[in-house]
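Report on the structure given below.
The values are calculated or read from the model by the stated rules, or taken from the named source; none is laboratory data. Please read these numbers as outputs of a predicted model, since none were measured by experiment. Every residue, glycine as well, gets a Cβ built from its backbone with ideal geometry; the counts of neighbours run over all protein chains shown. These area figures cover heavy atoms from the full protein model, side chains too; ligands, DNA and RNA do not enter into them. Shrake-Rupley method; radii C 1.70, N 1.55, O 1.52, S 1.80 Å.
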Amino acid sequence: MRSKGLRGALAADTALGAGNVLARVLAHGADPDGPGLTFDTPVDGHPAEHPLTLGQLAERVAARAAWLHQRGVRRRDPVAVWAGTAADMVLSFLALTRLGAIPALMNGKLRPEIAAEYIRRLRAAGVLADAAHAAALHGHDLGAPLLGEPAEAGAGDPAAAPAHHRHHPDDPVVITHTSGTTGVPKAVLHSHASLFAATRHLLSMPQAQGTGRILNALPAPHTATVLMVNQALGNRAEMYLLSEQGGERVLDAIQRWRPDGVFGFSVTWAELARFDLSGYDLDSVRLWFNTGDCSHEPHVRRLVKVGSRDVVTREGVTRVPGSVFIDGLGSSEMGHSMFHITHTVDTDRYGRCVGRPYRFTKVAVLDDDGDELPPGQVGWLGIDSPSLFRGYWNDSVTTYRSRLRGWYLTGDLVYADDEGRYYHLDRAVDSVDAGDGKRFFTALSEERILAACADVTDCTVVIVKEGERAGRPLRLDSSDAAPRPPVVTDVLLELAAGADPAEDRTERIRAALGPDLAATLRRVVPVRADDLPVTVTGKVRKVALRERYLTESAS
């Protein structure tokens, strides 16, 4: 079946969901010799970077399903997967969902004690861990047996695999987790229907340019990779999945594999900004797709200068220099980016604009009581979408605390303009109520610094109240008359190659911050990227620095 007709058939298939895309694509007549997935590590005798056809991918998944079933894994069993490669994560997800089990995909960079506690809270039926992560778990009480290494499961007999589980729309299909920046991460549960809602919508639309040959630079255990794998399979696209998302690794993969689209998080685009992109062959790229945290203007501008894209002119479709960057705002809980905005070399709408919401979702800006605020007023981002997660696994308290009058509260502070575009100011936990109706935003401050300082490739703004501990309830209302401790602001700058670390940039930073926040500025410190704590999402950097300061100031 041709790809266009297949996409329409998949969009209309009511039995299709996040847990059975591979099987349903084949059932609808997709060519088994067509594209499956490509991994950067060996898979069952296939060398690294060897493309698996759709049929070979299905066989490798069936082998793993047979191996897991032989070890007692059954439907509804939560199974933790802790490994370092994209192949181990994605193939384990596909095999476990084939059985109707619930894969719990874990960030390979979690500290062992955090990982062990997370597994205990899952009440997992078993754990798949590669050799390095199994060794890290040694001596910890997991409350579940180690089943073996994910790669071992490839030795199963595909012919012995049980029939594919028949999913109900409400069946739990995968557990991913939040970044875990302040302790044990929250376990985010998605259902067969919820995690496919956005993909179904996209399959019903014309396929976007830059989605035919995709380099996946998203972290493999994240919700976003599950979404992109299913989207690539449905689009009959080629996809190469990276296990590491560092800038140099991504640039190397682009030059060798020549994708037309690169999918990643903002932390990867920030890393690419440290390189002189004109020295790399990036001509194949038409599309950069960002999800998670929205991206900073200077990082986007560097990327859209390279590559090329198709535009419609009076003479027909023409290829022009400069690529497309689609930005958005998403999280594990949202089940997909909720917004989208397209940047090219010709666009200038930045200032942390995340664009308009997708048609499948409903969003609002809310006050503390859950009432909708008019355009221009800052409030909580509320989401009502079929793609939303089903709750936090084994944690009803946190699940219901995140709901208000039918909305899911993302923890982000935003405002909308009169034209229905939304602007992201900060995560609420990173903002500071300074009193007198003033609230300071770290993410917005970073955006302004980067836009004003061409010799700075990235920065971290840490705003805290001296002597105040974290954990106080957050409210937007600052009408109480209680005295507030003074606010101090530290700015850490990652300088561009060749920039003078001895130069005093304080006045430039003050001007970028604006008078109110500038008055709180304590220090501006050039740092090396290696000195900053960071995970695959990048969120932990700011939280770790803020917690470090609070600990120091309280001691």
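Could you calculate the FRET efficiency of residue 50 with residue 109 from 1/(1 + (r/R0)^6), where r is the beta carbon distance between them and R0 is 25 Å, rounded to 0.05?
Values: r = 27 Å, r/R0 = 1.07.
With a Förster radius of 25 Å, E is 0.40.
Decide, for the range 20-93, between rounded, prolate and oblate: order the square roots of the alpha carbon gyration tensor eigenvalues as a ≥ b ≥ c, take rounded if a/c falls under 1.5, and otherwise choose prolate if a/b is larger than b/c, else oblate. Intermediate values should be presented prior to the final figure.
Values: a/c = 2.07, a/b = 1.20, b/c = 1.71.
In terms of gyration-tensor shape, oblate.
As an exercise, identify the trypsin sites (Lys or Arg not before Pro) in the range 248-330 lying in DSSP coil whose Cβ has no more than 11 other Cβ atoms within 10 Å. Could the numbers behind the result be given before it?
Details: sites: 249, 256, 274, 286, 301, 302, 305, 309, 314, 319; in loops: 274, 286, 305, 314.
Within the range 248-330, the qualifying trypsin sites (Lys or Arg not before Pro) (loop, at most 11 other Cβ atoms within 10 Å) are 314.
Distance from the Cα centre of the range 151-208 to that of the range 374-420, in angstrom?
That distance is 22 Å.
Could the peptides 514-522, 437-445 be put in order, highest first, of the mean number of other beta-carbon atoms found within 10 Å of their residues? Write out the running numbers ahead of the final one.
Details: 514-522: 15.0, 437-445: 19.8.
Descending mean neighbour count gives 437-445, 514-522.
Sort out for me the Cα centre separation of the range 262-291 from the range 494-523, rounded to whole Å.
Here the two parts' Cα centres lie 26 Å apart.
Kindly state, to the nearest 0.05, the FRET efficiency for residue 518 paired with residue 256, given R0 = 45 Å and r defined as their beta-carbon distance. Before the final figure, lay out the partial values.
Values: r = 46 Å, r/R0 = 1.02.
It comes out at approximately 0.45.
With a cut-off of 8 Å between alpha carbons and a minimum separation of six or more residues, what is the relative contact order of the chain in percent?
Numbers: 1211 pairs, mean separation 59.3, N = 555.
Reported as a whole number, the value is 11 percent.
Could you work out the local net charge near residue 149, counting Lys and Arg as +1, Asp and Glu as -1, over the other residues with Cβ closer than 11 Å to its Cβ?
Values: positive: none; negative: 88, 130, 152.
Summing Lys/Arg as +1 and Asp/Glu as -1 gives -3.
Mind checking the full-extension length gain between residue 371 and residue 70? Use 0.36 nm per residue of separation minus the Cα-Cα distance, one decimal, nm. Intermediate results must be reported in sequence, preceding the final value.
Working: separation 301, 0.36 × 301 = 108.36 nm, distance 5.27 nm.
Contour length minus the Cα-Cα distance gives 103.1 nm.
Say each of residue 157 and residue 454 gets a label point 7 Å from the Cα, pointing the same way as Cα to Cβ; how far apart are those two points in nm?
With each label placed 7 Å out from Cα toward Cβ, I get 6.8 nm.
If amide H atoms are built 1.01 Å from N in the plane of the peptide, which residues on other chains or at least 5 residues away come under 5 Å of the amide H of residue 126?
The list, which skips near neighbours in sequence, is 80.
Once you charge only the Cβ atoms, +1 for Lys and Arg and -1 for Asp and Glu, what is the size of the charge dipole of the chain about its Cα centre, to the nearest 20 debye?
Numbers: 62 positive and 69 negative charges, 258 e Å.
It works out to roughly 1240 debye.
Taking a cut-off of 16 Å between Cα atoms, list the aspartates and glutamates near residue 465, but don't count ones fewer than 8 places away on the same chain.
Candidates past the 8-residue exclusion: 430, 433, 436, 490, 516, 547, 552.
Which is farthest toward the positive dipole end of the range 94-182 among 94, 124, 168, measuring Cα position about the Cα centre, with Cβ charges +1 (Lys, Arg) and -1 (Asp, Glu)?
168
What is the sum of charges around residue 78, taking Lys and Arg as +1, Asp and Glu as -1, for the other residues whose C-beta is under 14 Å from the C-beta of residue 78?
On the way: positive: 74, 75, 76, 120, 121, 123, 390; negative: 77, 171, 395.
After counting each charged neighbour, the total is +4.
For the range 341-391, what D do you get in µm² per second when you plug the Kirkwood radius from alpha-carbon pairs into Stokes-Einstein at 20 °C and 1.002 mPa s?
Rounded, D is 163 µm²/s.
I'd like to check one number: the per residue accessible area of the chain, probe 1.4 Å, reported in Å² as a whole number. Provide the component values of the computation, followed by the final result.
Numbers: 22660 Å² over 555 residues.
For the chain, the solvent-accessible area averages 41 Å² per residue.
Would you tell me the accessible area of residue 105, worked out with a 1.4 angstrom probe on the heavy atoms of the protein chains, in Å² to the nearest 10?
About 0 Å², rounded to the nearest 10.
Hey, can you rank 11-23, 80-92 by average C-beta count inside 10 Å, highest first? Could the numbers behind the result be given before it?
Working: 11-23: 20.8, 80-92: 26.3.
Ranked by mean Cβ neighbours within 10 Å, highest first: 80-92, 11-23.
Accessible area of the range 79-129 with a 1.4 Å probe: how many percent of it is carbon plus sulfur?
On the way: 550 of 1220 Å².
C and S atoms contribute 45 percent here.
Highest mean first, what order results for 387-393, 327-333 on Cβ atoms within 10 Å? Don't skip to the end; give the middle numbers.
Values: 387-393: 22.6, 327-333: 25.0.
Going by the mean number of other Cβ atoms within 10 Å, highest first, we get 327-333, 387-393.
Using a/c under 1.5 as the rounded threshold, could you call the range 155-235 rounded, prolate or oblate? The axes a ≥ b ≥ c are square roots of the C-alpha gyration tensor eigenvalues, and prolate needs a/b larger than b/c, oblate otherwise. Spell out each step's value before the answer.
On the way: a/c = 1.43, a/b = 1.03, b/c = 1.38.
Taking the square roots of the gyration eigenvalues as a ≥ b ≥ c, the range 155-235 is rounded.
Assuming R0 = 30 Å, can you tell me the calculated FRET efficiency for the pair residue 384 and residue 123, based on Cβ-Cβ distance, to the nearest 0.05?
Details: r = 30 Å, r/R0 = 0.99.
My answer for the efficiency is 0.50.
Between 0 and 90 degrees, rounded to the nearest ten: what's the tilt of helix 223-235 against the longest Cα principal axis of the chain?
The helix 223-235 is inclined about 50 degrees to the chain.
Counting Lys and Arg as +1 and Asp and Glu as -1, what is the net charge of the other residues whose Cβ lies under 14 Å from the Cβ of residue 48? Intermediate values should be presented prior to the final figure.
Working: positive: 249, 256; negative: 40, 44, 49, 88, 244, 252.
Net charge around residue 48: -4.
Rounded, prolate or oblate: which fits the range 118-186 when a ≥ b ≥ c are the square roots of the eigenvalues of the alpha-carbon gyration tensor, with rounded for a/c under 1.5 and prolate only if a/b beats b/c?
Numbers: a/c = 2.35, a/b = 1.25, b/c = 1.88.
Since a/c reaches 1.5 but b/c is at least a/b, the shape of the range 118-186 is classed as oblate.
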